[in-house]
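Data block below; observations after.
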Amino acid sequence: MTKLSSKGQIVIPIDMRKKLDLQDGDKLSIFLNENNELVIKKLPTALDWHDLIKNIPNEKVDIDKNGQYDHQKSPNFHKWMFENK
(Lines give C-alpha, C1' and ligand atoms only; values in the text may rest on other atoms or scores of the structure.)
Protein backbone atom coordinates (compact mmCIF):
# COMPACT_ATOMS: atom_id res chain seq x y z
CA MET A 1 0.00 0.00 0.00
CA THR A 2 1.12 3.56 -0.65
CA LYS A 3 -0.30 7.03 -0.10
CA LEU A 4 -0.74 9.90 -2.49
CA SER A 5 1.08 13.05 -1.37
CA SER A 6 -0.41 16.54 -1.51
CA LYS A 7 1.70 17.08 -4.68
CA GLY A 8 0.18 14.00 -6.37
CA GLN A 9 3.29 11.87 -5.81
CA ILE A 10 3.37 8.20 -4.87
CA VAL A 11 6.14 5.94 -3.62
CA ILE A 12 6.69 2.71 -5.54
CA PRO A 13 7.64 0.02 -3.01
CA ILE A 14 11.27 -1.17 -3.14
CA ASP A 15 10.38 -4.77 -4.03
CA MET A 16 8.47 -3.56 -7.11
CA ARG A 17 11.28 -1.18 -8.10
CA LYS A 18 13.79 -4.04 -7.89
CA LYS A 19 11.57 -6.41 -9.86
CA LEU A 20 11.14 -3.81 -12.64
CA ASP A 21 14.79 -2.69 -12.37
CA LEU A 22 13.66 0.91 -11.85
CA GLN A 23 16.49 3.37 -11.28
CA ASP A 24 16.57 7.04 -10.35
CA GLY A 25 15.79 9.06 -13.47
CA ASP A 26 14.03 6.27 -15.41
CA LYS A 27 11.13 7.47 -17.52
CA LEU A 28 7.70 5.99 -16.85
CA SER A 29 4.46 5.93 -18.79
CA ILE A 30 1.30 6.41 -16.70
CA PHE A 31 -2.18 5.87 -18.14
CA LEU A 32 -5.66 4.61 -17.38
CA ASN A 33 -6.64 1.31 -18.96
CA GLU A 34 -10.09 0.28 -20.18
CA ASN A 35 -11.05 -0.74 -16.61
CA ASN A 36 -10.22 2.74 -15.30
CA GLU A 37 -7.12 1.35 -13.54
CA LEU A 38 -3.87 3.27 -13.28
CA VAL A 39 -1.05 1.53 -15.18
CA ILE A 40 2.62 2.47 -14.81
CA LYS A 41 5.20 1.11 -17.27
CA LYS A 42 8.93 1.67 -17.52
CA LEU A 43 9.84 3.20 -20.88
CA PRO A 44 12.76 1.70 -22.80
CA THR A 45 16.10 3.50 -22.55
CA ALA A 46 18.38 4.28 -25.47
CA LEU A 47 20.43 1.21 -24.49
CA ASP A 48 17.28 -0.95 -24.52
CA TRP A 49 16.52 0.23 -28.08
CA HIS A 50 20.12 -0.33 -29.14
CA ASP A 51 20.04 -3.91 -27.83
CA LEU A 52 16.71 -4.52 -29.55
CA ILE A 53 17.81 -3.41 -33.02
CA LYS A 54 21.53 -4.28 -33.04
CA ASN A 55 20.99 -7.56 -34.89
CA ILE A 56 18.57 -6.29 -37.54
CA PRO A 57 20.31 -6.53 -40.91
CA ASN A 58 21.36 -3.34 -42.62
CA GLU A 59 20.90 -3.98 -46.34
CA LYS A 60 18.52 -2.94 -49.10
CA VAL A 61 15.71 -5.45 -49.56
CA ASP A 62 13.46 -5.21 -52.60
CA ILE A 63 10.12 -6.84 -51.82
CA ASP A 64 7.62 -7.25 -54.66
CA LYS A 65 3.85 -6.80 -54.46
CA ASN A 66 3.48 -10.46 -53.43
CA GLY A 67 5.88 -10.08 -50.49
CA GLN A 68 8.71 -11.96 -52.25
CA TYR A 69 12.37 -10.97 -52.36
CA ASP A 70 15.57 -12.37 -53.83
CA HIS A 71 17.32 -14.33 -51.08
CA GLN A 72 20.68 -14.04 -52.83
CA LYS A 73 20.49 -10.24 -53.08
CA SER A 74 19.48 -9.96 -49.41
CA PRO A 75 21.25 -12.83 -47.60
CA ASN A 76 21.47 -11.10 -44.22
CA PHE A 77 17.77 -10.22 -44.28
CA HIS A 78 16.84 -13.78 -45.25
CA LYS A 79 19.03 -15.24 -42.50
CA TRP A 80 17.57 -12.80 -39.94
CA MET A 81 13.98 -13.60 -41.00
CA PHE A 82 14.37 -17.33 -40.51
CA GLU A 83 16.69 -17.40 -37.48
CA ASN A 84 14.36 -15.18 -35.44
CA LYS A 85 11.17 -17.24 -35.69
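On the accessible surface of the chain, probed at 1.4 Å, how many percent belong to carbon and sulfur atoms?
Of the solvent-accessible surface of the chain, carbon and sulfur hold 54 percent.
Pick from Leu32, Leu43, Leu20: which residue has the top mean-square fluctuation in a GNM of the chain where Cα pairs under 10 Å get a spring?
Evaluated over the chain, the most mobile residue of the options is Leu32.
Which aspartates and glutamates, if any, have their Cα less than 12 Å from the Cα of Lys60, not counting same-chain residues under 8 positions apart?
Asp70
Over the chain, with the other protein chains present, what is the accessible area per residue in square angstrom, probe 1.4 angstrom?
Here the residues of the chain average 95 Å² of exposed surface.
Would you tally the net charge around Lys42, using a Cβ to Cβ cut-off of less than 13 Å, leaving Lys42 out, and scoring K and R as +1, D and E as -1?
Every neighbour counted, the sum reads +1.
Do the sum for the chain: with -39,500 (n - 2.57) for every DSSP H run of n ≥ 4, divided by all residues, what is the mean residue ellipticity at 222 nm, to the nearest 500 deg cm²/dmol? Don't jump to the answer; show the numbers that get you there.
Numbers: 3 runs with 23 residues, N = 85.
Dividing the helical sum by the residues of the chain leaves -7000 deg cm²/dmol.
Excluding ligands and nucleic acids, what accessible area in Å² is computed for Lys79 using a 1.4 Å probe, to the nearest 10?
120 Å²
Take the Cα atoms of the chain, build their convex hull, and give its volume per residue in Å³.
Output value, Cα hull per residue: 196 Å³.
Can you pick out the pairs among Lys42/Lys79; Lys7/Lys27; Lys18/Lys54 whose Cα atoms lie more than 21 Å from each other?
Values: Lys42/Lys79 32 Å; Lys7/Lys27 19 Å; Lys18/Lys54 26 Å.
Lys42/Lys79; Lys18/Lys54, as the Cα separations exceed 21 Å there.
How much length would be gained if the chain were fully extended between Lys79 and Ile63, taking 0.36 nm per residue of separation minus their Cα-Cα distance, in nm to one decimal?
Length difference between fully extended and current span is 4.2 nm.
Give, as a single signed number, the net charge of other residues whose beta carbon lies under 10 Å from the beta carbon of Gln23, with Lys and Arg counted +1 and Asp and Glu -1.
Every neighbour counted, the sum reads -1.
Given a 1.4 Å probe and the protein chains all in place, what does the accessible area of Ser5 round to, in Å² to the nearest 10?
Result for Ser5: roughly 50 Å² accessible.
The values are calculated or read from the model by the stated rules, or taken from the named source; none is laboratory data. Please read these numbers as outputs of a predicted model, since none were measured by experiment. Because the Cβ atoms are built from the backbone with ideal geometry, glycine has one as well, and the counts that use them run over all protein chains shown. These area figures cover heavy atoms from the full protein model, side chains too; ligands, DNA and RNA do not enter into them. Shrake-Rupley method; radii C 1.70, N 1.55, O 1.52, S 1.80 Å.
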